[in-house]
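What follows is calculated from the coordinates using simple rules that are stated; it is not laboratory data. Given the structure is predicted, the values throughout are model-derived calculations rather than measurements. Note that each Cβ is placed from the backbone with ideal geometry, even for glycine, and that neighbours are counted across all protein chains shown.
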Amino acid sequence: YLKEKGSTWFEITTLLIPGENDSDDELHQSSQWIAENLGPDVPWHFSAFHPAYRLQSIGRTQLHTLQRARRIAHEYGIRHVYTGNVTDIDGDTTYCHDCQAPLIVRDWYELVEWNLGPAGQCTQCGSSCAGVFEAQPGQWGRKRKALRMAP
C-alpha cells in the first residue's frame, strides 16, 4: 500500500537475531521479495541485536553478519542498504547508485560528509538520490538528554 498508493516516504528495518533470521537463505528470500515488490530505492536497514530482557541467552549480532546481509541485498539490486547498532561508517554511508560517490557519510548519528545538491542530486554526476531531503543538511547528532527520575 505504501509503495503503490501512499505518498509517505518509507524505509525498512530488520533486526538480525543470530540463529533466528540471519541465514543466507532467509536473506536471499527477503532481498528478492523486496527487490521485486518494493523496488531498488526503498532503504533497508539491518540492525544488530544486543541481548536484553528475555533474550539474554542469544549473543549479539556480529558486524560481519550485518555486512553479509548488506552484500546479499546489494546482489539483488537494492541500492540503499545500511548497517545499524554498530560502528560501520561504510555501512552507514549513502552512495550514488550511478557513480558510487559517497553522498551522505554518517558515523552513527553524526553527519561527516554531505554531497547532495539542493534538489537531492549527486554533486559528482547529477543523478537523483531517492529520498526526501532538505536543500541543506540538518544539524543532527546524538540527541540523548540526561534524565533524573523522581523518588
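Across the range 7-28, the number of residues qualifying as exposed (fewer than 12 other Cβ atoms within 10 Å of the Cβ) and more than 13 Å from the chain's Cα centre (by Cα) comes to 7. Being free of Cβ contacts under 8 Å to residues at least 12 places away in the same chain and either farther than 12 Å from I17 by Cβ or surrounded by 17 or more Cβ atoms within 10 Å (Cβ to Cβ) (or both) is the filter here; which residues of the range 30-53 pass it? Answer for the range 30-53, where residues must be free of Cβ contacts under 8 Å to residues at least 12 places away in the same chain and either farther than 12 Å from I17 by Cβ or surrounded by 17 or more Cβ atoms within 10 Å (Cβ to Cβ) (or both): W33, E36, Y53.
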